[in-house]
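Enquirer: What follows is a structure written as structure tokens; I'll ask about it next.
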Amino acid sequence: MRQVAAALKILGVSFRDVWQELWTILIIQVLFLLGTILIVSAPPVMLALFFYGNQVAHGERVTERDFLQAVRSYWKPAWRWGLINVLAIGVLTGDYYLIGKMAGNANQAYWIQGFYLTVLAGWFLLQLFALPFLFEQEQPSVRQALRNAAVFIGRNLILVLVLTLLLVISLTAGMLVFMLTLVFGGALIAFASNHAVLEHLTDH
């Protein structure tokens, strides 16, 4: 129950942050979308979004200039993280597709494909907490951040699952209400994951 309560608290604080950072989020979201469209800057703007969430979670005053500075500062670590993700997602989705093609309608194929989908979901979940750890480390090591995130999830599995479920519900509701998720969804995720990691580090 403690971890469930913690997840609810984290979501509440994250919604508060969204409200307080409303106008800054609007500007950053435009910059984020432009950076994603350019592809070459997609990983850096993703890290910059989570850097923004990290600074807000720390109670710092952040502007779009800090976001742009983070894009430049974390360009290399961002692309290391991006390439690892391209490789991991490519292998998992490729295997999923090939197994489906080769096995046809065999029941065993569905189980194997289900396994790959589960691993893929776990990988995405790992990224959600790896990026906040990247900014809490002395050096922005992607490998260390992934390792720290894996340990964090293992020790706080209920909190992670409940928080993820709450985020999915919130983002789905946001899509139904004037497509708010498209504007504020990324920031909400960045705030929630950073608050979760900070609370964990504070307790330990």
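Just so you know, all these numbers are worked out from the coordinates, no wet-lab data involved. In this text, all values refer to a predicted model and were calculated from it rather than measured experimentally. When we count neighbours, we look across all protein chains shown, and the Cβ atoms used for this are built from the backbone with ideal geometry, even at glycine.
Enquirer: Return the calculated 222 nm mean residue ellipticity for the chain, to the nearest 500 deg cm²/dmol, obtained by summing -39500 (n - 2.57) across DSSP H runs with n ≥ 4 and dividing by the residue count.
Expert: Numbers: 9 runs with 178 residues, N = 204.
Value at 222 nm, helices only, nearest 500: -30000 deg cm²/dmol.
Enquirer: Note the angle between two axes, namely the Cα long axis of helix 157-176 and the longest principal axis of the Cα atoms of the chain, as a number of degrees from 0 to 90, rounded to the nearest 10.
Expert: The angle comes out at about 80 degrees.
Enquirer: For the range 162-204, just run the numbers: alpha carbon Rg, then divide by 2.2 N^0.38 Å, N being how many residues it has. If you can, show how the numbers build up before the last one.
Expert: On the way: Rg = 12.0 Å, N = 43, 2.2 N^0.38 = 9.2 Å.
Rounded to two decimals, the normalised Rg is 1.31.
Enquirer: Which of 13, 123, 38 sits closest to the plus end of the dipole of the chain, meaning its Cα is farthest towards the positive end, when Lys and Arg get +1 and Asp and Glu get -1 on the C-beta?
Expert: The residue sitting most towards the positive pole is 123.
Enquirer: Kindly state, to the nearest 0.05, the FRET efficiency for residue 42 paired with residue 5, given R0 = 41 Å and r defined as their beta-carbon distance. Provide the component values of the computation, followed by the final result.
Expert: On the way: r = 36 Å, r/R0 = 0.87.
Rounded to the nearest 0.05, the efficiency is 0.70.
Enquirer: Distance between the C-alpha centers of the range 4-18 and the range 132-204? Whole Å please.
Expert: The range 4-18 and the range 132-204 have Cα centres spaced 11 Å from each other.
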